[in-house]
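Undergrad: I have a structure I would like to understand better, so I am pasting it below and will then ask my questions one at a time.
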Amino acid sequence: MEQPRRFGFDTRQLHAGQRPDPNTGARAVPIFQTTSYVFEDPEAAAAYFNLQEYGNTYSRIMNPTVAALEERTASLENGCGAVAFASGLAAQAAALFTLLEPGDHVVSSAALYGGTVNQFKHVLRKLSVELTWVDPDDISAWKSAIRGNTKAFFGETIGNPGGNVLDIEAIAGVAHEAGLPLLVDNTFATPYLCRPIDWGADVVLHSVTKFLGGHGTSIGGIVVDSGKFNWSNGRFPVVAAASPAYHGLQFHETFGMYGYLMKLRAETLRDLGACMSPFNAFLLLQGIETLSLRMSRHVDNAGAVARYLESHPLASRVTYPGLGASRYRSIADKYLQRGAGAVFSFDILGGRAAGQEFIRALTLWSHLANVGDAKSLVIHPASTTHRQLSEPELAAAGIGPGTIRLSVGLENVDDLLWDLDQGFSRVRTSLPAERVQ
Amino acid sequence: MTMGAVTTGAVTTGELSRYQDPMTIQRVLLGARTIAVVGLSGNALRASNFVGFYLQRHGYRVIPVNPRESEVLGRRCYGSLLEVPDKVDIVNVFRAPSALPEIATQAVAIGAGSLWTQFGVINEEGARIAHQAGLAVIIDRCIKVEHARYVGRMHWLGFNTDRITSVRGGLQ
């Protein structure tokens, strides 16, 4: 018998989802590098495939190492469970695919990661799903975008890279009034800084690649479900009605609060196949063990870098929501009490050419297309991550030709500022004198 | 069973929590051998059938109670709890909340050890009848999920069991 206890965040980031291995006593999570699992007998095999019993069948659908990551992330997000995927984009596509049918409609924040914009714009169209972009700060725009065929709201806790902070509680209220789920990408905040489910979000997504994993070693994604959304409200026969893809099973009636996740795993992951490898799950779990420690240092360093840039004559439009001057400061104070993340952007004086010169001069910040590494990262979105976007789309995402995106790491902050000084010095000497004054 | 629907009955979340005590749940599950499932459907796609099947697989003696069936999961089905000749440890309920007071009264009459209602089967009067007669009462919890949480393999599918322990367990 176990005494119930609500363990703290730091305890759960170390323990949730993994107990000592009953066979060997191994304390670290074992890497179950196996494709498949021997059945006890034919009845057990049938029960597993019928979903009448919780059992391992094939690692495309479930794996014990991946399951430890899933339960740990669900615990940290205050969700009822999670399903991991090969990447954040795979997780996002699967989360939507599970609840959408051709002819449906999605309302999404326009201030999103460029990869998500591409996925929504092109993949949803190929699936005959309609899409409306809204200014995430305009609550009435969310409401007026709802149609009879709308099935979901989507936004990012902290927009990439514009630093928009999503008013989760207000937008969830609008969604729930219309019987719709709110899906929130919480990659930039991590559950240490914000837990969207606590504010009414129904499904939370992560690129685990970023701060959760935290060390830039592995690609991965995850979908966490609150278990609170009523899929039987008449709007979601795709989740609630008898499923032709699973011999007539009614996922929401049969599995209740776990129904959406069961369908996500037993049908969507099974059929789309973008599973996470056990080795990646192992590495990502090592990262999560120190999430709270890293995130508090990330936000300390990010605040220092943002303040440095705010007062720099060659920098403008510093989008860090934690700054006093940010238009998102009050909303960040509500949703991001422990800090406003560590990814933001600024515009460099001199536009595209100055941006490229600045990056060329840096020797400590790594120029690459990722965020959320322990090491500090820098990129020029207009020529890389957001390259496929049109000018209006770039503007909607808060990106200009001279925008530089930073992911502030865990180095000594003085060293980070020293390197940024090198960049600004190069820009100052390369720009015409009158531009710098 | 309508799991997502708003449930009837006047029990609020606060009052409900005393009927969801984790220690009681573990004690009832570990101590039971015979479980009467009221409302057990013969349709293999219904939630009650999933649960009955699961409980049988895990060694419980499942007694179906459903006036519309004669045999479910290979076991004789009884029209009401009052007809069940065996000693019942758990009365597990898959019925509308309004049916609970009568079921609770019958559970008391046959000397059952506990009353356990599934998700959404919330009825304050029914819970009180069983509680006052000394039965352990668990309300609005799935017996399959709770078994899988404490004994079984719920964590293998990435569900949040809310369990943390560094004690090495037995084979699972």
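Undergrad: Would you please name the residue that is surrounded by the fewest Cβ atoms within 10 Å (Cβ to Cβ), looking only at residues in region B:116-172 that are more than 7 Å from chain A (Cβ to nearest Cβ), touching a Lys or Arg at 6+ places or on another chain (Cβ under 8 Å) and part of a helix (DSSP H, G or I)?
TA: B:Tyr150
Undergrad: Of all residues in region A:1-20 being at the interface with chain B (Cβ under 8 Å from one of its Cβ atoms) and within 26 Å of the chain's Cα centre (by Cα), which is nearest to A:Phe279 (Cα to Cα)?
TA: The residue in question is A:Gly17.
Undergrad: Sticking with this structure for a sec: Among the residues of region A:262-282, which ones are away from every other protein chain (no Cβ under 11 Å), part of a helix (DSSP H, G or I) and within 25 Å of A:Leu182 (Cα to Cα)? Write out each step before concluding.
TA: Let us first name the residues in region A:262-282 that are away from every other protein chain (no Cβ under 11 Å), namely A:263, A:267-268, A:270-275, A:277-280, A:282.
Then drop every residue that is not part of a helix (DSSP H, G or I), which leaves A:263, A:267-268, A:270-272, A:278-280, A:282.
Correct list: A:Lys263, A:Glu267, A:Thr268, A:Arg270, A:Asp271, A:Leu272.
Undergrad: Would you mind stating whether A:Gly221 is at pLDDT 95 or above and either within 19 Å of A:Ala111 (Cβ to Cβ) or more than 10 Å from the chain's Cα centre (by Cα) (or both)? Let's see the steps before the verdict.
TA: Numbers: at pLDDT 95 or above: yes; either within 19 Å of A:Ala111 (Cβ to Cβ) or more than 10 Å from the chain's Cα centre (by Cα) (or both): no.
Judged against the criteria, A:Gly221 is not a match.
Undergrad: In the list A:Val239, A:Val203, A:Val208, which residue meets the criterion of being under 25 Å from A:Ala178 (Cβ atoms) and under 17 Å from the mean Cα position of the chain (by Cα)?
TA: Numbers: A:Val239 fails: under 17 Å from the mean Cα position of the chain (by Cα); A:Val208 fails: under 25 Å from A:Ala178 (Cβ atoms).
The unique qualifying residue is A:Val203.
Undergrad: Right, here's the next one. May I ask you to list the residues in region A:120-138 that are surrounded by 15 or more Cβ atoms within 10 Å (Cβ to Cβ), over 27 Å from A:Lys263 (Cα atoms) and over 18 Å from the mean Cα position of the chain (by Cα)?
TA: Of everything in region A:120-138, those that are surrounded by 15 or more Cβ atoms within 10 Å (Cβ to Cβ), over 27 Å from A:Lys263 (Cα atoms) and over 18 Å from the mean Cα position of the chain (by Cα) turn out to be A:Trp133, A:Val134, A:Asp137.
Undergrad: Here's something else I'd like to know. Is there a residue being in contact (Cβ under 8 Å) with a residue 24 or more places away in the chain, closer than 20 Å to A:Arg265 by Cα and surrounded by fewer than 16 Cβ atoms within 10 Å (Cβ to Cβ) anywhere in region A:36-47? Before the answer, list the steps.
TA: Here is the first cut: in region A:36-47, the residues in contact (Cβ under 8 Å) with a residue 24 or more places away in the chain are none.
Within region A:36-47, none of the residues are in contact (Cβ under 8 Å) with a residue 24 or more places away in the chain, closer than 20 Å to A:Arg265 by Cα and surrounded by fewer than 16 Cβ atoms within 10 Å (Cβ to Cβ).
Undergrad: Could you check region A:230-261 and list, in sequence order, the residues that are facing chain B (nearest Cβ under 8 Å) and farther than 19 Å from A:Tyr54 by Cβ?
TA: Listed by number, the residues that qualify are A:Asn230, A:Trp231, A:Ser232, A:Asn233, A:Ala240, A:Ala242, A:Gly248.
Undergrad: Here's a check for you: in region A:21-76, which residue that is among the small types (Gly, Ala, Ser) and facing chain B (nearest Cβ under 9 Å) is farthest from the chain's Cα centre (by Cα)? If you could, list the steps in order and put the result at the bottom.
TA: The first filter runs over region A:21-76 and keeps only residues among the small types (Gly, Ala, Ser), leaving A:25-26, A:28, A:36, A:44-47, A:55, A:59, A:67-68, A:74-75.
Now drop any that are not facing chain B (nearest Cβ under 9 Å), which leaves A:25, A:44, A:47, A:55, A:67-68, A:74-75.
Values: A:Gly25: 33, A:Ala44: 36, A:Ala47: 34, A:Gly55: 28, A:Ala67: 18, A:Ala68: 18, A:Ala74: 13, A:Ser75: 16 Å.
Among residues in region A:21-76 that are among the small types (Gly, Ala, Ser) and facing chain B (nearest Cβ under 9 Å), the one farthest from the chain's Cα centre (by Cα) is A:Ala44.
Undergrad: Further question on the same structure: With respect to the numbered conditions (1) in a loop (DSSP other than H, G, I, E, B); (2) farther than 22 Å from A:Ala304 by Cα, which one is the sole condition not fulfilled by A:Ala395?
TA: (1)
Undergrad: A further question follows. Restricted to region A:18-28, and to residues that are under 17 Å from A:Asn56 (Cα atoms) and out of contact with any Gly (no Cβ under 8 Å at 6 or more places or on another chain), which residue is surrounded by the most Cβ atoms within 10 Å (Cβ to Cβ)?
TA: Initial filter on region A:18-28 (under 17 Å from A:Asn56 (Cα atoms)): A:18, A:21-23.
Going one step further and asking which of them are out of contact with any Gly (no Cβ under 8 Å at 6 or more places or on another chain), we end up with A:18, A:21, A:23.
On the way: A:Gln18: 23, A:Asp21: 17, A:Asn23: 11.
Looking at the filtered set, the residue picked out is A:Gln18.
Undergrad: Looking at this structure, is A:Ala395 hydrophobic (A, V, I, L, M, F, W, C), more than 19 Å from A:Thr187 (Cβ to Cβ) and out of contact with any helix residue (DSSP H, G or I) (no Cβ under 7 Å at 6 or more places or on another chain)? Let's see the steps before the verdict.
TA: Working: hydrophobic (A, V, I, L, M, F, W, C): yes; more than 19 Å from A:Thr187 (Cβ to Cβ): yes; out of contact with any helix residue (DSSP H, G or I) (no Cβ under 7 Å at 6 or more places or on another chain): yes.
Yes.
Undergrad: Out of the residues in region B:14-38 that are touching a residue at least 24 places away in the same chain (Cβ under 8 Å) and of a type in the set (Gly, Ala, Ser), state the one that is farthest from B:Phe94 (Cα to Cα).
TA: My answer is B:Gly31.
Undergrad: Answer with yes or no whether A:Ala201 is hydrophobic (A, V, I, L, M, F, W, C), in a helix (DSSP H, G or I) and buried (at least 20 other Cβ atoms within 10 Å of the Cβ). Lay out the reasoning, then the answer.
TA: Numbers: hydrophobic (A, V, I, L, M, F, W, C): yes; in a helix (DSSP H, G or I): no; buried (at least 20 other Cβ atoms within 10 Å of the Cβ): yes.
No; evaluated as a whole, the condition is false for this residue.
Undergrad: Determine which member of the set A:Val106, A:Val117, A:Val174 is buried (at least 19 other Cβ atoms within 10 Å of the Cβ), in a strand (DSSP E or B) and of a type in the set (A, V, I, L, M, F, W, C). Write out each step before concluding.
TA: Details: A:Val117 fails: in a strand (DSSP E or B); A:Val174 fails: in a strand (DSSP E or B).
Going through A:Val106, A:Val117, A:Val174 in turn, just one is buried (at least 19 other Cβ atoms within 10 Å of the Cβ), in a strand (DSSP E or B) and of a type in the set (A, V, I, L, M, F, W, C): A:Val106.
The values are calculated or read from the model by the stated rules, or taken from the named source; none is laboratory data. On a predicted model such as this, the values are computed, not experimentally measured, just so you know. When we count neighbours, we look across all protein chains shown, and the Cβ atoms used for this are built from the backbone with ideal geometry, even at glycine.
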